[in-house]
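Let me begin by presenting the structure, written as structure tokens, before commenting on it.
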Amino acid sequence: MKIPIIGAYSTGFGDLWDKGMGDLLEEAGINALKSAGLTAKDVDAVYTANAFSSKISGHAPICSLCFERLGISSSVCISSGDASGAIAIKEAANLIMSGEAKYVLVIGAEKSTDLKTNEMLAVAQDTIDDKEELFIGATVQSQFAMITRKYMSDFRLSRDDMSFITINSHKNGMTNKFAQFRFELDVNKINSSAFIADPIKALDCSMYCDGASAIILCSSGAAEKSKRNVLGYLLGSGIASMPSPLSKRKSLTRIDSTADAAAEAYKKSGISPKDIGLIESYDLVPVSGIISIEDMGFAEKGKGIEFIKKHPQAVNQSGGLKSCGHAVGATGIRQAVDIIKRLKKNSIKYGISNTMNGTGSISAVNIFGA
Amino acid sequence: MHRKSSPLMKRDNERNYELARNTGHSNNSITGTIESFTRVYSAPLGFENQAPYILALVSLGNGKKITSQVVDCKEVRIGDKVEPCLRKVYVDGKDGLIHYGTKFRVIK
């Protein structure tokens, strides 16, 4: 598959207290249309991605706002937790490939700071298993903490080794003006922050924030006919699932859903990990970023950190979830916007992104080309 | 933690009590091994007054595993042997139900 991307825009991520969900959708949508030289009338459909709006503001699904704010009437909302954005891109591509639509706007948004931090954390826990894990007092972070401990014990890594991906993300994020946290971190600073769930510290965790990102996909025929400026291409995408509770998995240190989604995306695009020069991994906490790189096929099990040390600029050049902030529904699309922009700028051929819901119950992988 | 309706609680209770049912009967008691663990400091709503508490992924030997709390101890390590016990999990608000479930304790 080869779907042209003709428009892209991302709002800055952060605590955007003077903007509501509608404002974010409008800003991202209108600017993406502007960058493509389109108006709302040209767009055949809009796919929105959002994870928690029903719990945060009570307004759900957010796609109804697209009619009010953008004037686009055919709208769908995809709500698959942290993977929502990446899945919306895949579904939009499917709509174009089916011949149903020529121009599709994909827009992800989250408005996390309308809740207090502890309330938002409570909402975000919906992404893990409820019967066994939530019931007994587990959180996304506690489940990743258990994965971290197992990973460190299996591959003989120290707590400080795990911090490298966080330090790298923050270093890369310094130059991204859209990132929420533009400062450097070191091992001492991370270690001196409070425990969330041992061995995960507060400065290991990415923050739930506000933001919206949008891209516009179009059919190859329409792009050629109207001589659109093509920013990049969507070459392949994959979605896969696995059991949500850690207790139902064979291995703690492998996330099968990411491996399966990546295999599907590689198959569709016809390219392999060695062709790829830009990786947006899912660094919600250090271990998820490292496992994400390994399961997408860039390093053997236990060698993920070595890979990042060798290619610090290739991994999370945007700053990743850690430095950019995590506007849950928008993140998958934010990664796409960042990859397309950076492929052109650094003359890299291919880029890949991964987001997963909770501890990997759903994982989505997209591959982009310049 | 969201509030459970009575039918939902009834459906869930069977599995929540199942493991702890044989506690104290040495002939047919179940034991498990800690595969990994964490200590939760940032607790979800309803669990704040319990923090910090130990959560572990316990391997029950028959291919089954379970995520649960480990109680009555300060430190655990990967590989520690544990046994199930029935404990209070949380109270559903001021006028809600008290929820019980299976937790684990280290076998000395």
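The values are calculated or read from the model by the stated rules, or taken from the named source; none is laboratory data. Quick caveat, the model's predicted, so the values are computed rather than measured. We place every Cβ from the backbone using ideal geometry, glycine too, and count neighbours over all the protein chains shown.
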Next item on the list: Test B:Lys88 against the criterion of being in a strand (DSSP E or B), within 13 Å of another protein chain (Cβ to nearest Cβ) and loosely packed, with under 15 Cβ neighbours inside 10 Å, and give yes or no.
Entry: yes
Next item on the list: Scan (1) in a helix (DSSP H, G or I); (2) touching a Ser or Thr at 6+ places or on another chain (Cβ under 6 Å); (3) more than 14 Å from every other protein chain (Cβ to nearest Cβ); (4) of a type outside the set (Ser, Thr, Tyr) for the single condition A:Met146 breaks and write down its number.
Entry: (3)
Next item on the list: Please determine, by comparing only the residues of the stretch A:163-201 that are in contact (Cβ under 8 Å) with a residue 40 or more places away in the chain and of a type in the set (Gly, Ala, Ser), which one is nearest to A:Gly302 (Cα to Cα).
Entry: A:Ser163
Check: Quick one: in the stretch A:186-229, which of the residues that are in the same structural domain as A:Asp338 (by TED's automatic domain parsing) and of a type in the set (Val, Ile, Thr) is farthest from the chain's Cα centre (by Cα)?
Finding: A:Val187
Note to self: Which count do you get for residues in the stretch B:42-56 that are at the interface with another protein chain (Cβ under 8 Å from one of its Cβ atoms) and out of contact with any Phe, Trp or Tyr (no Cβ under 7 Å at 6 or more places or on another chain)?
What the structure shows: 6
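Taking the stated definitions as given, is A:Lys102 facing chain B (nearest Cβ under 8 Å) and surrounded by fewer than 21 Cβ atoms within 10 Å (Cβ to Cβ)? Walk me through it before giving the result.
On the way: facing chain B (nearest Cβ under 8 Å): no; surrounded by fewer than 21 Cβ atoms within 10 Å (Cβ to Cβ): yes.
In short, no.
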Margin query: Of all residues being closer than 25 Å to B:Ser36 by Cα and hydroxyl-bearing (Ser, Thr, Tyr) in the stretch A:192-232, which is nearest to the other protein chains (Cβ to nearest Cβ)? Just the residue, please.
Written below: A:Ser193
Next item on the list: From the list A:Asp160, A:Asp126, pick out the single residue that is in contact (Cβ under 8 Å) with a residue 60 or more places away in the chain and in a helix (DSSP H, G or I).
Entry: A:Asp126
Next item on the list: List every residue pair whose Cβ atoms lie under 8 Å apart, where the two residues are 6 or more positions apart in sequence or sit on different chains, the first residue falls within the stretch B:63-81 and is more than 10 Å from chain A (Cβ to nearest Cβ), and the second residue, located anywhere, is part of a loop (DSSP other than H, G, I, E, B).
Entry: B:Val70/B:Val76; B:Lys81/B:Thr31; B:Lys81/B:Ile107
Note to self: Looking at A:Thr117, A:Thr139, A:Thr127, A:Thr166, can you tell me which residue is within 28 Å of A:Gly14 (Cα to Cα), facing chain B (nearest Cβ under 8 Å) and hydroxyl-bearing (Ser, Thr, Tyr)?
What the structure shows: A:Thr139
